[in-house]
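Peer 1: Have a look at this one before I ask anything.
The values are calculated or read from the model by the stated rules, or taken from the named source; none is laboratory data. These numbers were taken from a predicted model, which means no experiment stands behind them. Positions of Cβ are generated from backbone atoms using ideal geometry, with glycine treated the same way; all protein chains shown enter the neighbour counts. Just so you know, the surface numbers come from the protein's heavy atoms only, side chains and all, with ligands and any DNA or RNA stripped out. Shrake-Rupley method; radii C 1.70, N 1.55, O 1.52, S 1.80 Å.
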Amino acid sequence: MIQKTKGLHFEDDKIEIFFGNKFFELTELTSLKPTGVHTVKQTHSDIFHVINRPEPIHPQPEGDALGTQLPKQYLAIKTADCLPVMVHDPDTNKIAAIHAGWKGVAIGIVPKTVASFFQNSKNLRVFVGPHITKSSFEIKDDVLQQLKSSLPAFAWAKLSIDTKDDKFHVDLVDVVKLQIQSQFPNTHLDIKDSNIDTKTTEDYNSHRRDAKNAGRNISYIRLN
């Protein structure tokens with residue numbers, strides 16, 4: 001991924017991915033691509049939508065993940081500490097964009113999207129944009145137990161957890177990786193993590209840092 005003024009960019013002959021920072025607005029995308037930008041009303045759910053036509057759905061559907069096989073369609077999501085997860089099957093040329101906060105991770109939105117749209121995939125490329133990283137993601141036992149319930153015991157045992165008093169630090173990307181690996185052991189997984197912490201990196205919007213004043217980081221994936 002290449003660092004640019006308004007975010008991180010990745011492109012090859014099959015896909016384009018962009019993880020925008022606070023200087024990139026959704027209108028910059030929609031003004032140029034008025035009929036090919038697809039979004040959802042994000043509610044920290046595990047609802048997934050398949051996009052099979054170039055016209056955006058109206059009214060905007062509720063959900064937190066989108067997928068398509070149509071070329072030149074932008075699947076866009078908004079985050080402010082949550083994980084922006086982009087998935088690509090290089091064999092079938094399917095893509096998905098997923099908004100995964102800790103609640104979405106706990107209810108398994110990423111593996112559920114894989115099960116819905118990539119169930120026969122042998123290879124998956126997963127790109128994770130800027131998000132709250134382990135050192136800044138401080139939680140209590142109630143959240144820890146919800147995350148624990150999303151993994152089988154053998155997988156949870158592989159997770160590295162830092163403890164300080166009654167607080168815990170967990171890497172959500174590691175949780176997602178273990179979720180996919182445990183449920184799809186025959187799928188080759190290539191994960192690229194930006195390793196950019198939204199809470200400590202001023203160029204990115206962060207709810208933990210700025211609370212109600214936080215904006216949203218816009219990210220998208222499309223097939224070329």
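Peer 1: So the check is Cβ under 8 Å with 6+ separation or different chains; which pairs have a first residue in segment 194-211 that's at positive phi and a second one that's surrounded by 20 or more Cβ atoms within 10 Å (Cβ to Cβ)?
Peer 2: Hits for this filter: N195/T133.
Peer 1: Separate question: Please find, among V175, V87, the residue that is of a type outside the set (S, T, Y) and under 12 Å from the mean Cα position of the chain (by Cα).
Peer 2: Exactly one of V175, V87 is of a type outside the set (S, T, Y) and under 12 Å from the mean Cα position of the chain (by Cα), namely V87.
Peer 1: Within segment 59-86, how many residues turn out to be without any contact (Cβ under 8 Å) to a residue 60 or more places away in the chain, open to solvent by less than 10 Å² (accessible area, probe 1.4 Å) and not small (G, A, S)?
Peer 2: 2
Peer 1: Of the conditions (1) in a helix (DSSP H, G or I); (2) among the polar types (S, T, N, Q); (3) open to solvent by 70 Å² or more (accessible area, probe 1.4 Å), T113 clears all except one; give me its number.
Peer 2: (3)
Peer 1: Please enumerate the residues belonging to segment 1-58 that are small (G, A, S) and either surrounded by 14 or more Cβ atoms within 10 Å (Cβ to Cβ) or touching a Phe, Trp or Tyr at 6+ places or on another chain (Cβ under 7 Å) (or both).
Peer 2: The answer is G7, G20, G36, S45.
Peer 1: Can you report the number of residues in segment 190-224 which are among the aliphatic types (A, V, I, L, M), within 15 Å of the chain's Cα centre (by Cα) and farther than 16 Å from F137 by Cβ?
Peer 2: So the count comes out to 3.
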